[in-house]
1. Between Arg109 and Ile158, what is 0.36 nm times their sequence separation minus the Cα-Cα distance? Round to one decimal in nm.
2. Can you give me the distance in nm between label points at Gln215 and Arg327, each placed 7 Å from the Cα along the Cα-to-Cβ direction?
3. For the full complex of protein chains and a 1.4 angstrom probe, list Arg60, Arg251 by accessible area with the highest value first.
4. Evaluate the distance, in nm, between pseudo-label points positioned 7 Å from the Cα of Arg268 and of His134 along their respective Cα→Cβ axes.
5. Report, in degrees rounded to the nearest 10, the 0 to 90 angle that the Cα long axis of helix 12-28 makes with the longest principal axis of the chain.
6. Quick one: putting +1 on the C-beta of Lys and Arg, -1 on the C-beta of Asp and Glu, what dipole do you get for the stretch 91-220 around its Cα centre, in Debye to the nearest 20?
7. Once you order the gyration tensor axes a ≥ b ≥ c over the Cα atoms, which shape class does the stretch 17-168 get: rounded for a/c under 1.5, otherwise prolate or oblate by comparing a/b with b/c?
8. Could you please report the charge total around Phe326, scoring K, R as +1 and D, E as -1 over all other residues with beta-carbon less than 11 angstrom from its beta-carbon?
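The values are calculated or read from the model by the stated rules, or taken from the named source; none is laboratory data. Because the structure is a prediction, the values reported are computed rather than measured. We place every Cβ from the backbone using ideal geometry, glycine too, and count neighbours over all the protein chains shown. Only protein heavy atoms, including side chains, enter the accessible area calculation; ligands, DNA and RNA are left aside. Shrake-Rupley method; radii C 1.70, N 1.55, O 1.52, S 1.80 Å.
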Amino acid sequence: MFSLTGSGDVFGPQQVKGARLAVDQINAQGGVDGVPLRLVVRDDRSDPATGKAAMKQLIRTDKAVAVLGPTLSAVAFSADPIADSLQTPVIGISNTAAGIVGKCAYDCRWIWRDSLGESIAVPANISAYVFEAHPTTAAILHVAGDVLGDQEAQVARISFRSNSVRLTADVSVPSGTDNVTAAVRKAIAAKPAVLFIGTVSGASAAQLMKVARAQGFGGTFLGGNTFNSDATAALAGSAGDGARSASAWYRGNAFPANSAFVSAYKQRYGQAPDQFAAQAYIGVQIVADALERGHVATSDKPLATTRATLQKQLPNVALLTPIGPFRFTADHDVSQIVWVLAMTGKGSHRLAGFCNPGC
């Protein structure tokens, strides 16, 4: 279940490509215990209500053994409880907000994720930049009513404080407005060295960066998971040059599994993958590994039993993936290297550093 339209459309199309590549590779090697995987894709339109309906359709109508997605955390908060109540495993491949796994508003026993949470990524990003550049002031811009953006802003407030960086402004941008000039002007009035932008929308992040540059902001942009998208970097263009974020993945890392993935993706699609394609690719690998460990592919047992067996095997998954060695933590999260990236100003990213597991 991916956001192919709506505010998540800078992520969802790449996720489909990554997932399809993984399915095709596994099937070309004989599938899982001789049985091919089948990928059914539903567009949640970046909308929580649509996401709930799509989750029900995937589980009840499409008879999915497991679900990858949804793309956005805001949709996951509505859709994941459906899967949990219907006892179907979900792999959150790009849900970085708090409350997706671990401590949730509901049981969330059937929810897992291979995506780096903002509670780790944002502090790592801020700490790495403070260690390198020693900024003394910062401002925060976040989109009102944006669940991920609000959480990113809250984590950023705490992290700036713990790194002895003084906040000069903390501004909420009205949701759905095209005119953000006043909010940006207020945020950069005191000439902060750093401007942190919190939003789930790549278009919003790019717009805020462009407006800030147009108003004379010459400092560094810091952000969350939205900054990791090549589509966001392309939208920002030269205004985003140097904008930094902490990522679950870096295209140029030397892990053999990553080199093979990047090469296969380029050959298949004629373009380089981004983090969101990589995590979807890994999500399929995770499901396939758990299915194989449970020896359920050729079983004639009821679907509910297959799902339960898959759920039981997910803690045992151990893979070498494009992000490196993969295992789930006890609370269904991912423990991994944190890659610190910077936008190039030309629609891509360069490596600025890394943390393991935090800076």
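1. Here the segment from Arg109 to Ile158 would lengthen by 14.8 nm.
2. Distance between label points: 4.8 nm.
3. Arg60, Arg251
4. Inter-label distance under the simple model: 4.7 nm.
5. That works out to roughly 30 degrees.
6. 360 debye
7. Here the stretch 17-168 falls in the prolate category.
8. Every neighbour counted, the sum reads -1.
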